[in-house]
Amino acid sequence: CARSAQLAASADSSVVLKSRRHRIHTLCLSLSHTLEPRHSPGAMEGFLWKLFLLWCLLTVESSAQDFGQTQFICTSVPKDMDLCAATMQNSGPAEDLKTTVMQLRETVLQQKETIMNQKETIRELTSKLSRCESQSLPAAAGPGGRRPGSKNTMGDVSRGTTDTLAQLGQTLQTLKQRLENLEQYSRGNSTVQANSLKDLLQNKIDDMEKQVLSRVNTLEETKPGSRNDTEQRNRVESTLTSLHHRITDLEKGKDTRPTEKFQLTFPLRTNYMYAKAKRSLPEMYSFSVCLWIKSNASPGVGTPFSYAVPGQANELVLIEWGNNPMEILINDKVAKLPFLINDGKWHHLCITWTTRDGMWEAFQDGVMRGNGENLAPYHPIKPEGVLVLGQEQDTLGGGFDATQAFVGELANLNIWNRKLSIAEIYNLATCNSKAPAGNVFSWTESNIEIFGGATKWNFEPCRSLN
């Protein structure tokens, strides 16, 4: 409307100008006839006449000017809006349209990103829901009602309750065999005390066999995972540990072998079968740890030993878990070791370490297999900890996980607070008489406590090989 009004004004002005031009032209003609001299003009009069005519021409030409060429600009307005009330606020429609398109594009990208995030959230929630549903099934409960998704605190996750009881039966058979050996020894050295101990142990073993048989019968009649599983397992563990200690005490009375010539056997993965050193390790700025080991467990032999201190459960750990290679952890820092031992044969392992630059060396069967540096450099091994054999500690002295338990046989674990030489390590691997014993921890029966049914057998390293 504003432009229409402007165009209308322009048209009116043109009419007025044309009228004005006509009037000026008429006036000039009239004046020219009136002022035309009737006689020969003088010089001044001729000059004034010419000046008058020039003024008339200029006036007519200036009055003849108009607004020049114009153009129409179309703007879209709502249908029901008063055209005269609409204003030309958006002087650049193309620029506004471009801005709108950019805003819409940015909105679409943001919504697309939001949809992707929501899809990921939905996928994660679906996975969690599936795990929760699988754990809520009655048949999914493990020994003692343990859910598969939770941390294993009730025994071997890789075996059912029946298999675990079968393994306990094997452990009982082992204890019976040891008792029979004691009986054969006591036939030539019969005393009242020996006979009373023999009868007591025999009665306890008979009671254990009845408990296992009763438990198997109960499992056949009822579903696994009853609330009595925990109490039953605790009673079995307690009795096994008691039997082991009594038989060990009895064996000490007739055994003339050195106290360091024995091995520990861990027949199955549990979270209750282990051995523990009776004293802590001192602060160490370097160490050497050596042991004999035998296992064919797969995947991974588990944790031969772990040393935990207050505030750090992984102060010093030797572990082979799952399909990973064997590793040594110092203050939670890890180095992978080039050991291959799960062939069911005896192997001698030695690991040395110094806090300076974190230098370490790994020996298998007296030969260096690897070395490295930057393993917990300048971090001394802390004192006041707990040394456990056969289990990995998640808390000080506990928090065992059956999936990380050691399965196999251990012997002659010795620890020094210095780096052994290559010659010393070779002497240990070849059972040389010059081989040193650990000055921090030495392999003697008086230094170790056994729990949960782990068994102990005679062992002489180089005579018992494979």
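The values are calculated or read from the model by the stated rules, or taken from the named source; none is laboratory data. Keep in mind that this is a model prediction, so the values were computed, not measured. Cβ coordinates were reconstructed from backbone atoms using ideal geometry, including for glycine residues, and neighbour counts include every protein chain displayed. Keep in mind that these areas ignore ligands, DNA and RNA; they rest on the heavy atoms of the full protein, side chains included. Shrake-Rupley method; radii C 1.70, N 1.55, O 1.52, S 1.80 Å.
Computed quantities for the displayed model
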read-out	value
Yes/no for Glu449 being open to solvent by 30 Å² or more (accessible area, probe 1.4 Å) and closer than 20 Å to His347 by Cα	no
Sole exception among (1) in contact with a Lys or Arg (Cβ under 7 Å, 6 or more places away or on another chain); (2) at positive phi for Gly453, by number	(1)
Residue ID - farthest from the chain's Cα centre (by Cα), chosen from residues in region 284-309 that are modelled with pLDDT under 95 and surrounded by fewer than 17 Cβ atoms within 10 Å (Cβ to Cβ)	Asn296
Single unsatisfied condition, Asn427 versus (1) more than 25 Å from Leu316 (Cα to Cα); (2) open to solvent by less than 50 Å² (accessible area, probe 1.4 Å); (3) polar (S, T, N, Q)	(1)
Elements of type strands (runs of 3 or more DSSP E) contained in region 344-421, each with 1 or more residues being among the hydroxyl-bearing types (Ser, Thr, Tyr)	346-354
Residues (under 16 Å from Ser442 (Cα atoms) and open to solvent by less than 20 Å² (accessible area, probe 1.4 Å)) located in region 391-413	Leu410, Ala411, Leu413
Hits in region 357-374 - residues which are at positive phi and in contact with a Ser or Thr (Cβ under 7 Å, 6 or more places away or on another chain)	Gly366
Hits in region 327-350 (condition: in contact (Cβ under 8 Å) with a residue 40 or more places away in the chain, open to solvent by less than 30 Å² (accessible area, probe 1.4 Å) and within 19 Å of Pro383 (Cα to Cα))	Ile328, Ile330
